[in-house]
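Here the structure is laid out as structure tokens; the discussion comes afterwards.
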Amino acid sequence: MKRLTVIGAGLAGSEAAWQAAERGISVTLYEMRPTVNTAAHQSDQCAELVCSNSMGSNLSGSAPHLLKEELRRLGSLVMRSADRHSVPAGGALAVDRDLYGKEITQALENHPNIEFRREELKSIPADRPVIIATGPLTSPDLSEEIAKIIGSEHLYFYDALSPIIDADTIDYSKAFFASRYGKGTDDYLNCPMNREEYQKFVDEINGAKKVVFKSFEKAAYFEGCVPIEELARRGEKTLAFGPLKPVGLNHPETGERYAAVLQLRKENKEGTAYNLVGCQTKMTYPEQKRVFRMAPGLENAEFFRYGAIHRNTYINAPDFLNRDLSLKTDPGLYFAGQIVGVEGYVESCAMGMMAGIGIARKLLDQVFELPPAQTAIGALLDYVSENRKANYQPMNINFGLFLQEGPRERDKKLRNAKIVQTALDKHDQWMKESLK
Ligand SMILES: Cc1cc2nc3c(=O)[nH]c(=O)nc-3n(C[C@H](O)[C@H](O)[C@H](O)COP(=O)(O)OP(=O)(O)OC[C@H]3O[C@@H](n4cnc5c(N)ncnc54)[C@H](O)[C@@H]3O)c2cc1C
């Protein structure tokens, strides 16, 4: 029987092990809990949801729902258990985490093709293939081993994420393109604030509800990824001398000067998404929406991703991984889950699903093409293997990641509906042709 080793029975490792075992591969699955715990997990269950019990939007037509739907069609163990143990949560898929976790754990423990070992792996086994799916809280010894392979400068330990918004929801009559002192190209979009607007913005940041740092996350804060609210707390002018500095950003036509300028930078080549520069934050998601929408030009901004700062081990995947998630320098060694630079439960599960299916089919000498870029899973695989930005950051699924063919539909609702329909069509066609 062909063999596979999976390290970590979180969202990615559980799905990967299940998919490979279901295809007749003999899987050894290592999970260090409960012998060794992480600072966030609370149980010994597989695929534990460490924080919120919500797996995001389940509203058809949204990007998170599309990703879930693709996983469901592929027979995901995680999605099946989540659907079976869902609890009412408006448009979101929230689960009874205990019933959900128990079902996944039992499915893996009782699978005839899975040898489940409750053990911390401190080094990477010599056998191949191996999937490293040890997540944002990979144990220190294994992190060191990974750093030895890819170089410590390519292994990151914290996310300091600024929000990303939909370019179509910006008011361009208020925001203007300009670079500081007119140097370079006009890559920045600027949201100018007068004195009152700036003062109100600072006051609202100070008063906003924040997520409390976990004790093990404090280091991030001292290491330079200072959240916008900490800068605001230090004094009313701190932001205007920091990320919201207005100097050199007078209005290109009127010459008007401002008290502060919130700068936005293109997040992708197409310019369909913009990053709020320097706005990493621990404000709660509803508060981010409320406060950032106060900036002139952002009154109706829709968020592709909210800001965050938290402990997160991940690798600079685009430089090291092939699209099938194998390491360029050691193609039998795979990475899956949040460690490749996706963010979120379902996204991590999707990466595990792809590694598990891909390896199994390779081992069995079966044809296998990865899903096309127009699908949600394909878009994530592209992001982790092709993103060429200097500052690689973890990403949730969102419409900004999708490859869109043909003329761009101007109406956002229609455009997104088209993305969803194309994705599902391509996904089904891919399943038919590639998973025969
Ligand atoms: C504090 C915190 C809050 C979060 N909140 C949310 C949220 O609300 N919503 C959301 O979508 N995402 C959230 N995330 C992200 C979420 O945890 C990940 O998206 C998801 O769990 C990643 O899946 P994974 O399989 O990559 O890693 P995990 O689910 O973490 O699984 C990795 C597994 O590997 C095990 N492991 C680690 N090292 C070893 C080793 N050396 N040997 C053996 N086993 C090992 C761990 O015990 C763990 O079970 C949060 C993350 C953190 C840290």
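Each reported figure results from applying straightforward, stated rules to the coordinates on display, with no laboratory input. Everything quoted here is computed from the prediction, not taken from an experiment. Positions of Cβ are generated from backbone atoms using ideal geometry, with glycine treated the same way; all protein chains shown enter the neighbour counts.
List the extent of the Cα atoms of region 164-306 along each of their three principal axes, largest first, rounded to whole Å.
48, 32, 26
With runs of 4+ DSSP H residues as the only contributors, calculate the mean residue ellipticity of the chain at 222 nm using -39,500 (n - 2.57) per run, divided by the residue total and rounded to the nearest 500.
-10000 deg cm²/dmol
Could you give the distance between the Cα centres of region 189-206 and region 345-421, to the whole Å?
Comparing the Cα centres of region 189-206 and region 345-421, I get a distance of 36 Å.
Return one number: the angle in degrees, 0 to 90 and rounded to the nearest 10, between the long axis of the Cα atoms of helix 63-73 and the longest principal axis of the Cα atoms of the chain.
Between helix and principal axis, roughly 10 degrees.
List the trypsin sites (Lys or Arg not before Pro) within region 85-125 that fall in a DSSP loop (any state other than H, G, I, E or B) and whose Cβ has at most 16 other Cβ atoms within 10 Å.
Passing sites in region 85-125 are 122.
Ratio of Rg to Rh for the chain, alpha carbon only, Kirkwood?
0.98
Among 316-324, 64-72, how do they line up from the highest to the lowest mean number of other beta-carbon atoms within 10 Å?
64-72, 316-324
Taking a ≥ b ≥ c as the square roots of the eigenvalues of the Cα gyration tensor of region 83-217, is the shape rounded (a/c under 1.5), prolate (a/b larger than b/c) or oblate?
Judged from the Cα gyration tensor, region 83-217 comes out prolate (a/c at least 1.5, a/b above b/c).
Between residue 171 and residue 51, how high is the FRET efficiency from 1/(1 + (r/R0)^6) when r is the Cβ-Cβ distance and R₀ = 30 Å? Nearest 0.05.
That pair, residue 171 with residue 51, gives E of 0.35.
For helix 412-434, report the angle its Cα long axis makes with the longest principal axis of the Cα atoms of the chain; keep it between 0 and 90° and round to the nearest 10°.
Orientation of helix 412-434: about 20 degrees from the principal axis.
Please work out whether region 3-116 counts as rounded, prolate or oblate from its C-alpha gyration tensor, where a ≥ b ≥ c are the square roots of the eigenvalues and a/c under 1.5 means rounded, while otherwise a/b larger than b/c means prolate and anything else oblate?
Since a/c reaches 1.5 but b/c is at least a/b, the shape of region 3-116 is classed as oblate.
Between 0 and 90 degrees, rounded to the nearest ten: what's the tilt of helix 140-150 against the longest Cα principal axis of the chain?
Once rounded, the angle reads 80 degrees.
Suppose R0 equals 25 Å; then what is the FRET efficiency for residue 115 and residue 434 from their Cβ-Cβ distance, rounded to the nearest 0.05?
Computed FRET efficiency for residue 115 and residue 434: 0.30.
Rounded, prolate or oblate: which fits region 303-436 when a ≥ b ≥ c are the square roots of the eigenvalues of the alpha-carbon gyration tensor, with rounded for a/c under 1.5 and prolate only if a/b beats b/c?
oblate
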